[in-house]
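The values are calculated or read from the model by the stated rules, or taken from the named source; none is laboratory data. As the structure is a computational prediction, the values presented were derived from the model and not from experiment. Positions of Cβ are backbone-derived with ideal geometry, glycine not excepted, and every protein chain shown enters the neighbour counts.
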4 protein chains.
Amino acid sequence: MLIVMHHHATAEEIKAVQAAVTALGFRSEPIPGKERTAIGVLGNQGYVDDGTILELPGVLEVIHVSKPYKLVSRDFHPAASEVRVGEVVLGNGLAPVVMAGPCSIESEEQIVTAARLVKSAGAQILRGGAFKPRTGPHSFQGLGIEGLKYLRAAGNEVDMPVVTEVMRIGQLDAVCQYADLVQIGARNMQNFELLKEVGKLDRPILLKRGMSATLEEFLAAAEYILAEGNSQVVLCERGIRTFETATRNTLDLSIVPLVRELSHLPIVVDPSHATGKRSLVPVMAKSALVAGAHGLMIEVHPTPETALCDGAQSLTGEGFADLMDQIRRLLPVLETC
Amino acid sequence: MLIVMHHHATAEEIKAVQAAVTALGFRSEPIPGKERTAIGVLGNQGYVDDGTILELPGVLEVIHVSKPYKLVSRDFHPAASEVRVGEVVLGNGLAPVVMAGPCSIESEEQIVTAARLVKSAGAQILRGGAFKPRTGPHSFQGLGIEGLKYLRAAGNEVDMPVVTEVMRIGQLDAVCQYADLVQIGARNMQNFELLKEVGKLDRPILLKRGMSATLEEFLAAAEYILAEGNSQVVLCERGIRTFETATRNTLDLSIVPLVRELSHLPIVVDPSHATGKRSLVPVMAKSALVAGAHGLMIEVHPTPETALCDGAQSLTGEGFADLMDQIRRLLPVLETC
Amino acid sequence: MLIVMHHHATAEEIKAVQAAVTALGFRSEPIPGKERTAIGVLGNQGYVDDGTILELPGVLEVIHVSKPYKLVSRDFHPAASEVRVGEVVLGNGLAPVVMAGPCSIESEEQIVTAARLVKSAGAQILRGGAFKPRTGPHSFQGLGIEGLKYLRAAGNEVDMPVVTEVMRIGQLDAVCQYADLVQIGARNMQNFELLKEVGKLDRPILLKRGMSATLEEFLAAAEYILAEGNSQVVLCERGIRTFETATRNTLDLSIVPLVRELSHLPIVVDPSHATGKRSLVPVMAKSALVAGAHGLMIEVHPTPETALCDGAQSLTGEGFADLMDQIRRLLPVLETC
Amino acid sequence: MLIVMHHHATAEEIKAVQAAVTALGFRSEPIPGKERTAIGVLGNQGYVDDGTILELPGVLEVIHVSKPYKLVSRDFHPAASEVRVGEVVLGNGLAPVVMAGPCSIESEEQIVTAARLVKSAGAQILRGGAFKPRTGPHSFQGLGIEGLKYLRAAGNEVDMPVVTEVMRIGQLDAVCQYADLVQIGARNMQNFELLKEVGKLDRPILLKRGMSATLEEFLAAAEYILAEGNSQVVLCERGIRTFETATRNTLDLSIVPLVRELSHLPIVVDPSHATGKRSLVPVMAKSALVAGAHGLMIEVHPTPETALCDGAQSLTGEGFADLMDQIRRLLPVLETC
């Protein structure tokens, strides 16, 4: 932590700040400059609340050097991690893992049909929502437990592990009974109580980035899960909220190589929610792989025109098969460049 | 809903869109223009998912006219609502209600001291956090149930109703045992499961705006609570996330008069979290009242320099008493202008 | 400047960074911590480009302590400045100055009518646009020089100084011939060439904040003007661009007290452009004054329903007179609280 | 345009709105719905200012269907355009064009060295800034005309066309004397006067997206240039401003395929300014090509550690040569997927 003093701070004010740092149990080191003095804080092992310091006379600002995460950091865990979902493994140097399926499970027939489509096209994990977070209460909210059963049945039918979202702690038992990979949605990225609970599971977690979460907050949210003992976490970039409305969200693809630098956890990309437009999904899916994503999450619906949710961003079975063909042609080159 | 066709859409494409609208159970009305045709959708009673339409050939975009909320809307409920918290009432034409207290409850002594300070200065509701949402898991997480008991004891001591945040459904019983007003924090504004549960309570709810929630989403979140039967909801503007980092968040004060136009629910403002800087809090508190806020939520700590959380934005007892004096001088004028 | 090293940075890497700092002509001071070493840079008198440092092995990040502005800073110029526009003066402790008039000058009759309306209601400066920045080229672009003449004639008629926007250096002579206060619009806030030119004028400048300008960039833009010798600058907050679309922009009112802390320059607020909605303008105008604005900029049109530009956010003459009445009742209280 | 009436709007209010539409010279078509009536506006050939309508009683909102651009739209100009810079051509189906060179021209030797490096690695256009837009006035502002001469000399030496930024109309003659492609920087994207002037040139223009410009505004800015007769415009995505500070800007790559849908103009991507971090540049450059970019703009400096500007995001000559090798391996695959 660095404490920056006002240009006109007095020697007494600087001493008082140093005393306050000492009282917190840390050491201080004044750094006199031409314009002003700064005071380095030494000996803290993590993030320090700056309220006690900021309030002292003569203090201009406090700059944090430590990060609110450590377990997820590559700084302290240099080797890249692998995460296993059933037989499927995500990680550096492995082929990217494609998770695909409908936004929401609408019927057993629908999810089984979807499962066959995505399996035959080459997807490795089946996705489908049973509990749906919707902006307003008057929209379709998902089939619930019934949906989970259909999803499991479909997964078994085509021999694929399945991923689905959990929205509350009370659903965790049910979700764990049926799902191989447990998803925390963007709206719950800072639902810290839910994070702590999934941190106690012996089950891989897919953590989606919050709509307005900085990368630092995203990694700190993952830290909640690791801090409880579960290090099987896959990050998922799905677009952030910006002023731009031409796409549903703004896909922040640069975060992918940056996460690979800063963290050892694998990261996948969801171009369907990020763009909200079917025509953009295949292009951005391929871009994501080039950016270094360890996998993709793609919405596929047998008949998007009748989908109860997010039809406009869902690929058809045919569209998805085309995309998978393109990805197969792209993969060999990725290894060489 | 309005469906805008491409400039070059054919008559067949237009007919197909109309057929799709009919299949959804609505009527369609083509509006031919010089540049392109648009198709009005009639007969829908609420928000319609546009996926099924957007996917048809020739469709450029779909424009929603209906809103994802209705019960919270003044359009359907013209009279302003009042919300009662113990003996305190928030609503149009009533004196603004000030909720004050520390960010987090640190000890019985601390919260009792704070309660006396804010009571004597004129606050009507005591605030204090027992469950704290923190960016990283290594920060102080609150005293939990122990804190709730201290808060209740402090409220009883000074005869004030108390407000505190609930973070998970499993905490609801405990929180309801001790608190008069139940707060949903910004990070949980779209924790729809929690919203549904508090919607079943016979207890007023303080709903804070999510960091990146549009006004439409904010009102739709309140709609979740009202849809379950609880119409005792107070909205709270607490700053949104923008590119500006000079303040902790960007206080969106214009939303206050706009909420008063669009909704019948009362709205309060939290200038402490919005600005993150003690020196800005009193000024923005008064601005909020002029903007039409039905109340304020202010962080006050007996000794901010030792606060475990948010010390830099907390007023001292003295600073808060000054603010309350200023507010008392301001109030008579507000009635005349 | 503070250079933060990686956790695993070697002693050699730290030495190399220190050598690079020395090569830049500054001194370095290592601050060893438990997790990592940071290196303080001493002796720089202003902002230093960090490219040369960031590129060295072992460097995690570079943190700037110096600001890209100095002349506008209260740190180096503690006394608040006053800016004079004709007989009107803006500054601390003075009555707020209201600038009012139509978005664009449409005819001599229109601007003269508007001038009489705003003068009789109590405005001190007449505003009107002759050169209009419009998103698309097919919208009304203003009357140009003809408009400037009408504006001057209207100002003379009612004995008010006038303010108008300049969009290019080539218009400066004409604008200076007719206007008392020269406005740089939001879209030109970082048109540095224009800033330099108005910095050479002996004429007060109204600098509007750019749509996505941080406070730091806003002050640095003003620094361009002061650096050329013109310190007669009035800042203007007019809303920033965020994800929220319920209002035209997001009025960042907290910046007002913050500017008063950080800079000696006066700041005014434009609630018309910020909100884009007539019904919100009076409320936010009053809030701005309570927030500490030294003045207001308000769009007023004799007949908003026929305005060629921004009619929806313009007050009528009557609406403006009502607002001015309310402001007059508010002012005495502002002095006491 | 669609006018949405309040739920409780009266028949008289609806009639009055229709009369106002007629007065504007358009036809109106009421669309009665269950919740409210909407009124379609027919016959307008472009964007209509909504001020006159929004002000009428009973009007809830006005929704625009027309766009503020037409000439840049694929709707009216279905065939993709090609833009020629010297011998180099940008457009659909052509190999992507790489523009490379230092952020700013620092000396003749520096730019000539850079030119040889980027030429030998395979770049087609040489970039270099002579007039530099800098946040604060105390940073290096570029060599000016002297720099233009060095750039031209370097371009001639290696037989490459050159691109450089123009910041004011007064520099246009000089820039046109030396540059083959004239760049409008992000900060000037809505410097409409400059846009109009370059619209009169017989010279290709590189238009960078403004930091907070929506896609609609970006295309409307290009429309200014085309409206003056110059249709040789290349768009450039260079990152937008968001809340995320982990990268310098947020690269909005999804805009690339969307621009290809909506407009006939070519679009290139600048990953250097977008990310601000050397380590992210090559990855995002390749992602941009997969996203459909017609070219790239890359900062390359012979010795980034001594660069006067943006050293941290500049590739070395070696790094750039590596990237070009990777791109050459990627290109054949792009044609097949």
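Numerical summary
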| quantity | calculated |
| --- | --- |
| Count of residues meeting criterion [within 11 Å of another protein chain (Cβ to nearest Cβ) and touching a residue at least 40 places away in the same chain (Cβ under 8 Å)] in region A:238-251 | 1 |
| Check on residue C:155, without any contact (Cβ under 8 Å) to a residue 12 or more places away in the chain and assigned to a helix (DSSP H, G or I) | no |
| Residues (within 21 Å of residue A:262 (Cα to Cα) and at the interface with another protein chain (Cβ under 7 Å from one of its Cβ atoms)) located in region A:186-215 | A:190, A:211, A:212, A:214, A:215 |
| Subset of region D:212-271 (residues that are out of contact with any strand residue (DSSP E or B) (no Cβ under 8 Å at 6 or more places or on another chain) and of a type in the set (D, E, K, R)) | D:216, D:217, D:223, D:228, D:248, D:261 |
| Some residue of region C:301-312 being outside any helix (DSSP H, G or I) and within 19 Å of residue C:95 (Cβ to Cβ) | no |
| Test set (1) within 14 Å of chain A (Cβ to nearest Cβ); (2) of a type outside the set (Asp, Glu); (3) more than 18 Å from residue A:167 (Cα to Cα); (4) surrounded by 18 or more Cβ atoms within 10 Å (Cβ to Cβ) - residue B:174 fails condition number | (4) |
| Pair list, Cβ under 9 Å, 6 or more apart: region A:308-326 residue over 12 Å from residue A:281 (Cβ atoms), other residue at pLDDT 95 or above and among the polar types (S, T, N, Q) | A:317/A:113; A:317/A:120; A:321/A:120 |
| Conditions (1) in contact (Cβ under 8 Å) with a residue 40 or more places away in the chain; (2) under 23 Å from the mean Cα position of the chain (by Cα); number of the one not met by residue C:331 | (2) |
| Residue C:324 being more than 14 Å from chain D (Cβ to nearest Cβ) and buried (at least 24 other Cβ atoms within 10 Å of the Cβ) | no |
| Positions within region A:300-316 being in contact with a Leu (Cβ under 8 Å, 6 or more places away or on another chain), more than 7 Å from every other protein chain (Cβ to nearest Cβ) and surrounded by fewer than 23 Cβ atoms within 10 Å (Cβ to Cβ), in sequence order | A:302 |
| In region A:122-142, the residues that are away from chain B (no Cβ under 14 Å) and touching a helix residue (DSSP H, G or I) at 6+ places or on another chain (Cβ under 7 Å) | A:122, A:126, A:128 |
| Selection status of residue C:292, within 13 Å of chain D (Cβ to nearest Cβ), farther than 19 Å from residue C:126 by Cα and touching a Lys or Arg at 6+ places or on another chain (Cβ under 6 Å) | no |
| Test set (1) more than 9 Å from every other protein chain (Cβ to nearest Cβ); (2) assigned to a loop (DSSP other than H, G, I, E, B); (3) crowded, with 21+ Cβ neighbours inside 10 Å - residue A:231 fails condition number | (3) |
| Residue B:257 vs. criteria away from chain A (no Cβ under 14 Å), without any contact (Cβ under 8 Å) to a residue 12 or more places away in the chain and either over 25 Å from residue B:116 (Cα atoms) or crowded, with 24+ Cβ neighbours inside 10 Å (or both) | no |
| Hits in region A:122-145 (condition: outside any loop (DSSP other than H, G, I, E, B) and crowded, with 21+ Cβ neighbours inside 10 Å) | A:125, A:126, A:127, A:129 |
| Whichever residue in region A:69-81 is crowded, with 17+ Cβ neighbours inside 10 Å and not aliphatic (A, V, I, L, M) and, among such residues, is nearest to residue A:202 (Cα to Cα) | A:81 |
| Single match in C:129, C:93, C:136, C:147 (criterion: at positive phi and assigned by TED's automatic domain parsing to the domain that holds residue C:256) | C:93 |
| One residue from B:148, B:207 being assigned to a strand (DSSP E or B), under 27 Å from residue B:118 (Cα atoms) and not polar (S, T, N, Q) | B:207 |
| Any chance residue C:100 is crowded, with 19+ Cβ neighbours inside 10 Å and either assigned by TED's automatic domain parsing to the domain that holds residue C:133 or in contact (Cβ under 8 Å) with a residue 60 or more places away in the chain (or both) | yes |
| Residue within region C:148-169 that is within 11 Å of chain D (Cβ to nearest Cβ), among the hydroxyl-bearing types (Ser, Thr, Tyr) and surrounded by fewer than 24 Cβ atoms within 10 Å (Cβ to Cβ) present | no |
| Leading residue by the ranking (farthest from residue C:67 (Cα to Cα)) among those in region B:245-278 that are of a type in the set (D, E, K, R), in a loop (DSSP other than H, G, I, E, B) and modelled with pLDDT of 95 or more | B:270 |
| Residue within region C:173-180 that is part of a helix (DSSP H, G or I), more than 22 Å from residue B:254 (Cβ to Cβ) and among the charged types (D, E, K, R) present | yes |
| Selection count, region D:117-137, where residues are over 24 Å from the mean Cα position of the chain (by Cα) and at pLDDT below 95 | 1 |
| Test: residue in region D:288-298 that is within 19 Å of residue A:258 (Cα to Cα), hydrophobic (A, V, I, L, M, F, W, C), assigned to a helix (DSSP H, G or I) and more than 19 Å from the chain's Cα centre (by Cα) | no |
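Yes/no per residue for (1) in contact with a Leu (Cβ under 9 Å, 6 or more places away or on another chain); (2) surrounded by fewer than 24 Cβ atoms within 10 Å (Cβ to Cβ); (3) basic (Lys, Arg):
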| residue | (1), (2), (3) |
| --- | --- |
| C:184 | yes, no, no |
| C:209 | yes, no, yes |
| C:213 | no, no, no |
| C:242 | no, no, no |
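Residue-by-condition table, conditions (1) within 13 Å of chain D (Cβ to nearest Cβ); (2) in contact with a Ser or Thr (Cβ under 6 Å, 6 or more places away or on another chain); (3) among the small types (Gly, Ala, Ser):
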| position | (1), (2), (3) |
| --- | --- |
| C:7 | no, no, no |
| C:17 | yes, no, no |
| C:32 | no, no, no |
| C:35 | no, no, no |
| C:38 | no, no, yes |
| C:55 | yes, no, no |
| C:83 | no, no, no |
| C:90 | no, no, no |
| C:100 | no, no, yes |
